[in-house]
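The structure appears below as structure tokens.
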Amino acid sequence: MPATFVDRSPLPAAGPPHAPAGRRGRPWLTLVAVAFGLFMVGLDGSVVSIANPEIGRDLHASTSDLQWVTNAYLLALAAALILGGKLGDRFGRRTFYLVGVAGFTLASVAIGLAGSIEGVIAFRAVQGFFGALLMPNTLGLLRAVFPPKKFGMAVGVWAMVSSVSTALGPIVGGLLVEHVNWESVFCINAPIGVVALVFSALVLPQSKNAAARQRFDVPGVVLLALGLLVVVFGVVKGETWGWSSGTTLGTLAAGLVILLAFGWYETRLGRPSPNAPSGPDRGHPLLPMRLFRNPALTIGTVITAVNFFVLLGVIFFVMLYLQNVRGYPPVEAGVRTLPLSLASVAASPLGAALTERFGARLSMPLGMALQAAASFGVLGWGVHSSYGAMWPPFIALGLGVGMVMAASSDAIVGNAPVEDAGVAGGLQATALQVGGALGTSVLVSLISSRVGATLTGELTSAGVPEPMARGLGKAKDAVAMGISPASGDMPARLRAAVTEGSGQAFVNGVHTAALVTGVLCVAGAVLAAVGLRRGAEGGPAER
């Protein structure tokens, strides 16, 4: 029996019952329409990694500021994704998808015009909020118009677009940064957004839960948003405060307590008393806890978070390695990651086909195992590694990410009732963004910690006099970004020694981060293989 279950609720072949005849509600036109918005969000999520060095130089931003350029976006996304899906389910997925595309496009242009690092960070948060309205409703729209037998292939194409757009970010960003400016990295969303709005307005059907007449779950919205914000904020600041400090541990604990309170409240809300009236006053949870009774959906959510923990975290430090340690210009750095993009193109439909035939219990562990192999392959990198040592991990990572994206999307959205499609899409997108935020923050922290522990020793080993090496140890924050503290007034031999030693310290940090991601992927593969097999009899979430 397959490990995943696709809801067999009757679905029309061409769209929801209330979709008008003609081009609206056609499944494949709907897929093309949502692909525009999905591509825009995926591209923006990774293109920033290659623009960050130029943003820092132009706006005189610190390393902490640059982290907030990424994390403000991720925080806003994480806090509002399930809300975006719920709003679409209740008031119309097409409506909130279009609002999300329009807001995301305008916020992107505002970032390019901001002129200050504070403005960039603020508009990145706005961009993230509108991305949260857009993303979950892409899957909700597909779930509403595709028959169950074709939904798996639609998810495969969806996953391919998401993976490819994320992987293409460094290449597109490199071309724009090198030949235009860093502002163009964000302004490129303007033409994409306009095309997405026009095409989507023409072909997308209105899709919503016809039975959703309940009062809106305002306490649930507040508890979930606050809990996610506090947890991700604690992770982001953990590097600065120290992971073992009382402030960090207290912040993380507070966030988890709020999330537990959210879970308790939603469970209670979803089980009204037998005497409770039906209609607008019945249970109306923001996130129906019954969804998690399906083991495939639950494990798919966890694996989605792990998948993007690895992908966004690895892309972040790989771009620093290629540009700042190896000295490749942005375009060349982006082109050298092309195997990752090509592999993800091949892996997403392959993962969808394997999932449809054998279930996620095969494709999900296989994708995690490929990512583990990629992570362990990075352990062989050094300061002067040839490209022959780099491309195999890129291919393995692309194959793994694409395969897991297809399998986890099917496991999460395919196992949710049709009426909760937007919520399930929001759940997946939340896991994806929280995993990405954790990946970037945790891996940067690990690299920084390892650099701080080894920098003085590596500088000394490279030939830097010990007193000077101890003094240069204060530059550990720059070295943690792959930037050598060598200055132009140093003698050539000393400058070469400083560059070599700081590069080796950064590589030490990369090895630590890669080891952690490899172990995490192995654990994810085991969880998927064992958990999905055991959960094969679990059936769908209760309606």
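All of the numbers you see were taken from the coordinates with simple rules; none came from a lab. Owing to the predicted nature of the structure, the values given are computational and were not obtained by experimental measurement. Glycine also receives a Cβ, built like all others from the backbone with ideal geometry; neighbour counts cover every protein chain displayed.
Here are a few things to note about the model shown:
- Across the stretch 340-346, coupling constants 3J(HN,Hα) worked out from phi with the 6.51/-1.76/1.60 Karplus curve, θ = phi - 60°, read 5, 5, 5, 5, 5, 4, 6 Hz, and Gly and Pro carry x.
- Working ranking of peptides 84-91, 259-266 by packing, defined as the average number of other Cβ atoms within 10 Å per residue, highest first, is 84-91, 259-266.
- When peptides 99-107, 217-225 are sorted by average Cβ neighbour count within 10 Å, with the highest value leading, the order is 99-107, 217-225.
- A Förster radius of 41 Å, combined with the Cβ-Cβ distance separating residue 218 from residue 387, puts the computed FRET efficiency at roughly 0.15.
- Viscosity 0.692 mPa s, 37 °C: Kirkwood-radius Stokes-Einstein D of the stretch 298-436 over Cα pairs, µm²/s: 211 µm²/s
- Total charge dipole magnitude, the stretch 29-129, about the Cα centre, Cβ charges on Lys, Arg, Asp, Glu only, Debye to nearest 20: 460 debye
- Proximal charge balance of residue 55 [Cβ under 10 Å; K/R count +1, D/E count -1]: -3
- Listed values for the stretch 515-527 are Karplus-derived 3J(HN,Hα) couplings in whole Hz (6.51 cos²θ - 1.76 cosθ + 1.60, θ = phi - 60°), namely 5, 5, 5, x, 5, 5, 5, 4, 4, x, 5, 5, 4, and x replaces Gly and Pro.
- Amide H contacts under 5 Å for residue 390, placed H, 5+ residues apart: none
- With θ taken as phi - 60° and the Karplus curve 6.51 cos²θ - 1.76 cosθ + 1.60 applied, the whole-hertz 3J(HN,Hα) list for the stretch 453-466 is 7, 10, 4, 4, x, 5, 5, 4, 4, 7, x, 7, x, 4 Hz, x standing for glycine and proline.
- Sorting the segments 335-341, 369-375, 323-329, 485-491 by their residues' average number of neighbouring beta-carbon atoms within 10 angstrom, most packed first, yields 369-375, 335-341, 323-329, 485-491.
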